[in-house]
Amino acid sequence: MMTVLEVEGRRAAVLNAVVSEYIDAAQPVGSAHLASATAMHVSAATLRSDMALLEREGYLAQPHVSAGRVPTERGFRFYVDHLARPARLNGTQRTHLRRSFERLDGDTGDVLEKAGALLARITGSTSVVVAETRGASPARFVQLVRLSSQAGLLVMVRGDGVVVKRDVRFPVRASEEEIARASAVMNDHYAGKVSARCTAPAPTGVHRVDLVVKSAAGLLARMERTEEEPEYFFIGGPSRVAASFDAVGTIEAVLSILEQQVVITSLLRGMLARGMSVAIGLEEHGVQPLSPCALVVSPVTFDGGLAGAFGVLGPIRMDYRLALAAVNEVGEQIVGRLGDSEPQRASDATGTLRGRQ
């Protein structure tokens, strides 16, 4: 059965205008206002009739009898999939973005974290960034950095580009030379291999070196068994999304869920697994405390494999055109900075999304 929007192109234009006005003003949109504020070239009475039909079809809702209409989640979905024209950041924003990435100097996690901060600033929404630990990815190299005679930093760079860092304690006092030798043993044993599938390195016969290696190898094994949290997790500007709501209970619920790393990580993973770049409301993302929120997300890939995700979280009435533009262009800068294959552009996927897959 064809929907009203497929039959009447003008009603699609009306829905587009209502959504755009509501995003800008966060107030119900009336037919008289729509007639005067847009170039629809139709009477308020005609617009009122179109809006009433859109309401019956489930694209608009009327919060009060005397109020105008607001878009429903279904209305926002149609807007994202069919009506929102692709946007690009303005010249000043693109220049700032490019220069910010040119100044970045750090590992994958640092790049993603700073990208998240830029996203929050550009969109005025909360940014979310995760980089996953992936046990099936082989190590590029492993290093032990001496912090003291009984402490070091275990650093492993995976084939997917993720840098893993953990503090490690040694049961004995080891010299700088002994720790350097233990580091070489670790790298020789694990480089090019999936560490979770490796046995412990063979003893060297040097007591303190072997104890340092045993401590580092044991820590590495424990790390590989713990995959419920990403190596990097960043929430940028959480107060931005909270400021979008008036009810104290809603604000507290949103802020509380943003502190739950496992929930947010699972949410982003689930979206990407279903091929979703935009999730609008509870029906699509499935997280009750975030029911008044929407997410725009893009994957981060390394060597053809998924290594993480980044995006923005905002109210359902967020500016999707700006969010999609910012996520796409930040993604392009990440590609240039890390030298990887291009992640899927968020706007490329919106036309095929219909909520839960």
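The values are calculated or read from the model by the stated rules, or taken from the named source; none is laboratory data. In this text, all values refer to a predicted model and were calculated from it rather than measured experimentally. Note: ideal-geometry Cβ built from the backbone for every residue, glycine included; neighbour counts use all protein chains shown.
Details
- Top-ranked residue in the stretch 117-134 [being modelled with pLDDT under 85 and assigned to a loop (DSSP other than H, G, I, E, B); ranked as nearest to Glu332 (Cα to Cα)]: Glu132
- Subset of the stretch 146-188 [within 30 Å of Ala309 (Cα to Cα) and among the β-branched types (Val, Ile, Thr)]: Val155, Val157, Val162, Val163, Val164, Val168
- Top-ranked residue in the stretch 207-221 [being within 15 Å of Tyr190 (Cα to Cα) and out of contact with any Ser or Thr (no Cβ under 6 Å at 6 or more places or on another chain); ranked as surrounded by the fewest Cβ atoms within 10 Å (Cβ to Cβ)]: Gly218
- The residues of the stretch 95-116 that are surrounded by fewer than 16 Cβ atoms within 10 Å (Cβ to Cβ) and either assigned to a helix (DSSP H, G or I) or in contact with a Leu (Cβ under 6 Å, 6 or more places away or on another chain) (or both), listed by number, are Thr95, His96, Arg98, Arg99, Glu102, Asp110.
- Unmet requirement for Glu177, which otherwise passes all of (1) in contact (Cβ under 8 Å) with a residue 12 or more places away in the chain; (2) under 14 Å from Leu144 (Cβ atoms): (1)
- Filtering the stretch 264-287 to residues that are loosely packed, with under 15 Cβ neighbours inside 10 Å and in contact (Cβ under 8 Å) with a residue 12 or more places away in the chain leaves Arg274, Gly275, Glu283.
- Test result for Arg74, within 28 Å of Val312 (Cβ to Cβ) and surrounded by fewer than 17 Cβ atoms within 10 Å (Cβ to Cβ): no
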